[in-house]
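Participant: Before we start, here is the structure in question, set down as structure tokens.
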Amino acid sequence: MPETHEYLVPDYYPSFHCKMGACRSACCEGWPVSMSMQDYFHLLGVQCRGELRAKLDCALHLVKYPTPERYAQIEHRYDGNCPMRLEDGRCALHAELGEGSLPYICRLYPRAVRAEGDYECSCAGSCEATIELLFAHEEPLRFIRRTLTFELPKSAERSVFFESFEHEQALRLCLIGLMQDRSLPLPRRMLRLGAAMAEAEEALSAQDSARIDRLIRGETVLEVPEPSSEVRPEDLHSGLLVMEKFTEQLDERSDSIRAIGQDALGYFGRDEGTMNRYQAARAHFDQIAPRWPVYLENMLVNHMFFSRFPFADEHESLREEFVSFCMVYAMLRFLGVGHLASQSDESALVDLAAAAFRLIDHSAFHRYSARMLRDLGYDTPERLFTLINL
């Protein structure tokens with residue numbers, strides 16, 4: 001049954017519309033579309049034309065270890081496309097039977113509806129329409145309340161990171177506010193974010209609500225160092241080594257991002273000319289995307305809200321969540337500068353960002369990136385700064 005609630009949403013949310021056939025990189029491209037047991041049996045029995053029935057019967061497959069929430073999936077064709085996708089880019093199911101015929105994941109995507117605790121809804125950065133809205137947004141994102149109606153699948157109750165802490169949303173919005181302080185350059189904001197998260201982790205471990213309240217109200221003094229903003233050749237070479245190791249880890253997680261990463265690494269190289277090529281690429285990037293600091297801020301803030309950062313995973317510490325967040329920052333920056341060295345259109349940056357968030361938002365990115373940086377010795381504030389300052 002549809003349920004109506006008041007949700008907290010980013011202020012771009014009312015403007016979101018699916019691009020349908022006009023999308024350059026469709027949301028179903030390259031992804032197996034998972035569905036619940038309810039969706040699976042609905043599609044098995046749905047009344048439709050013979051051509052669509054034949055496609056469905058060939059495409060639906062049970063997953064290896066089915067659960068009621070993830071029971072089956074639509075297998076893609078040899079070219080990576082969903083077999084339901086028409087030549088004009090639209091979904092055959094939607095075109096013939098309407099939105100109500102779609103599995104929940106297709107019906108809701110890219111919306112992330114959080115219908116437990118604090119009601120929230122946002123859009124994934126893996127959708128190019130979301131990225132385009134974020135790029136068009138001049139001012140810092142605001143969060144507003146809207147009455148929305150959704151029919152949602154039943155899901156297990158979400159575990160709570162800190163059961164006695166009643167201000168999770170307020171703390172998350174406090175951290176978002178630190179990322180939106182445009183009086184500071186973005187790398188400096190990241191250091192303040194890290195200091196705030198270290199303070200929050202200590203307070204949460206001690207179950208000190210008063211200390212958390214002071215942080216939320218902005219009364220906590222966040223001490224951060226004043227590192228040099230200059231990119232030194234040794235920092236660039238070690239940063240490229242980190243990105244090379246990270247790209248190697250993408251073998252089974254994201255073909256598109258691995259290819260873009262290899263393209264960027266191939267352009268920079270690791271020889272005497274690396275610094276000159278990097279500086280030329282950075283100047284070219286700034287020319288193509290002069291509003292990049294605003295773009296990056298909006299993408300990071302949207303990701304924070306979408307993922308409920310830093311409480312996305314109860315098994316990870318806030319320190320590990322911060323380390324992985326630095327990797328989100330560094331990856332977007334590195335891929336942007338390196339990949340756009342051979343591009344002249346800002347739309348290439350939109351496509352790159354959407355592809356990156358397909359990996360970031362829809363995989364265990366935060367776990368393996370935090371562990372990789374720890375293994376490489378890049379999980380200290382000083383080393384993280386050299387990485388995000390590239």
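Table: residues versus (1) under 16 Å from Ser34 (Cβ atoms); (2) in a helix (DSSP H, G or I).
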residue	(1), (2)
Ala54	no, yes
Asp57	no, yes
Tyr65	yes, no
Glu69	yes, no
Arg77	no, no
Cys82	yes, no
Gly89	no, no
Glu96	no, yes
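Participant: Check the stretch 306-314 and report whether any residue there is touching a Ser or Thr at 6+ places or on another chain (Cβ under 8 Å) and of a type in the set (D, E, K, R).
Facilitator: Of the residues in the stretch 306-314, the ones touching a Ser or Thr at 6+ places or on another chain (Cβ under 8 Å) are 306, 314.
Pick out the ones that are also of a type in the set (D, E, K, R) and you get 314.
Yes, that holds for at least one residue.
Participant: Any idea how many residues of the stretch 13-64 are without any contact (Cβ under 8 Å) to a residue 12 or more places away in the chain and of a type in the set (Asp, Glu)?
Facilitator: Going through the stretch 13-64 one residue at a time, the tally reaches 2.
Participant: Can you name the residue in the stretch 108-126 that is part of a strand (DSSP E or B) and either open to solvent by 40 Å² or more (accessible area, probe 1.4 Å) or not hydrophobic (A, V, I, L, M, F, W, C) (or both) and is also nearest to Cys23 (Cα to Cα) among such residues? Please lay out each step first, then the result.
Facilitator: Residues of the stretch 108-126 that are part of a strand (DSSP E or B), as a first pass: 111-114, 120-123.
Applying the additional criterion that residues be either open to solvent by 40 Å² or more (accessible area, probe 1.4 Å) or not hydrophobic (A, V, I, L, M, F, W, C) (or both) yields 111, 114, 120, 122.
Details: Arg111: 16, Arg114: 26, Glu120: 26, Ser122: 19 Å.
By that ranking, first place goes to Arg111.
Participant: Of the residues that make up the stretch 9-24, is at least one open to solvent by 20 Å² or more (accessible area, probe 1.4 Å), polar (S, T, N, Q) and in a loop (DSSP other than H, G, I, E, B)? Give the steps one after another, and end with the answer.
Facilitator: The initial filter retains those residues of the stretch 9-24 that are open to solvent by 20 Å² or more (accessible area, probe 1.4 Å), namely 11, 13-15, 17-24.
With the extra rule that they be polar (S, T, N, Q), the set shrinks to 15.
Then drop every residue that is not in a loop (DSSP other than H, G, I, E, B), which leaves none.
Checked against the condition, which is being open to solvent by 20 Å² or more (accessible area, probe 1.4 Å), polar (S, T, N, Q) and in a loop (DSSP other than H, G, I, E, B), the stretch 9-24 yields no hits at all.
Participant: Kindly establish whether Ile388 is touching a residue at least 40 places away in the same chain (Cβ under 8 Å), out of contact with any Lys or Arg (no Cβ under 9 Å at 6 or more places or on another chain) and either on the phi < 0 side of the Ramachandran plot or crowded, with 22+ Cβ neighbours inside 10 Å (or both).
Facilitator: Spelling it out, it is not the case that Ile388 is touching a residue at least 40 places away in the same chain (Cβ under 8 Å), out of contact with any Lys or Arg (no Cβ under 9 Å at 6 or more places or on another chain) and either on the phi < 0 side of the Ramachandran plot or crowded, with 22+ Cβ neighbours inside 10 Å (or both).
Participant: Is there a residue being among the aromatic types (Phe, Trp, Tyr), open to solvent by less than 10 Å² (accessible area, probe 1.4 Å) and either closer than 25 Å to Thr274 by Cβ or modelled with pLDDT of 90 or more (or both) anywhere in the stretch 344-363? Spell out how you get there, then give the answer.
Facilitator: First, pick out the residues of the stretch 344-363 that are among the aromatic types (Phe, Trp, Tyr): 357.
This time we only want the ones that are open to solvent by less than 10 Å² (accessible area, probe 1.4 Å), so: 357.
From the residues that got through so far, the ones that are either closer than 25 Å to Thr274 by Cβ or modelled with pLDDT of 90 or more (or both) too are 357.
Yes, because at least one residue in the stretch 344-363 is among the aromatic types (Phe, Trp, Tyr), open to solvent by less than 10 Å² (accessible area, probe 1.4 Å) and either closer than 25 Å to Thr274 by Cβ or modelled with pLDDT of 90 or more (or both).
Participant: Identify, from the list Val337, Val323, the residue that is of a type in the set (Val, Ile, Thr), open to solvent by less than 40 Å² (accessible area, probe 1.4 Å) and either under 16 Å from the mean Cα position of the chain (by Cα) or within 21 Å of Pro227 (Cα to Cα) (or both). Talk me through it step by step, then tell me what you get.
Facilitator: Working: Val337 fails: either under 16 Å from the mean Cα position of the chain (by Cα) or within 21 Å of Pro227 (Cα to Cα) (or both).
Sole residue among the options that is of a type in the set (Val, Ile, Thr), open to solvent by less than 40 Å² (accessible area, probe 1.4 Å) and either under 16 Å from the mean Cα position of the chain (by Cα) or within 21 Å of Pro227 (Cα to Cα) (or both): Val323.
Participant: Given the criterion of a type in the set (Lys, Arg) and either in contact with a helix residue (DSSP H, G or I) (Cβ under 6 Å, 6 or more places away or on another chain) or surrounded by 20 or more Cβ atoms within 10 Å (Cβ to Cβ) (or both), identify the matching residue among Arg277, Arg291. Before the answer, list the steps.
Facilitator: Values: Arg291 fails: either in contact with a helix residue (DSSP H, G or I) (Cβ under 6 Å, 6 or more places away or on another chain) or surrounded by 20 or more Cβ atoms within 10 Å (Cβ to Cβ) (or both).
Testing whether each residue is of a type in the set (Lys, Arg) and either in contact with a helix residue (DSSP H, G or I) (Cβ under 6 Å, 6 or more places away or on another chain) or surrounded by 20 or more Cβ atoms within 10 Å (Cβ to Cβ) (or both) leaves just Arg277.
Participant: For the stretch 127-153, how many residues meet the condition of being in contact with a helix residue (DSSP H, G or I) (Cβ under 6 Å, 6 or more places away or on another chain), within 16 Å of Val301 (Cβ to Cβ) and in a loop (DSSP other than H, G, I, E, B)?
Facilitator: Qualifying residue count, the stretch 127-153: 2.
Participant: Only helices (runs of 4 or more DSSP H) wholly contained in the stretch 160-247 count here; list those with 2 or more residues that are in contact with a Lys or Arg (Cβ under 8 Å, 6 or more places away or on another chain) and open to solvent by less than 20 Å² (accessible area, probe 1.4 Å). Give the derivation first.
Facilitator: On the way: elements: 168-179, 186-205, 209-216.
By residue number, 168-179, 186-205.
The values are calculated or read from the model by the stated rules, or taken from the named source; none is laboratory data. What you see is a predicted model, and the numbers here were worked out from it, not measured in a lab. Every residue, glycine among them, receives a Cβ derived from its backbone with ideal geometry; neighbour counts consider all protein chains shown. Please note that ligands, DNA and RNA were not included when accessible areas were found on the heavy atoms of the full protein model with its side chains. Shrake-Rupley method; radii C 1.70, N 1.55, O 1.52, S 1.80 Å.
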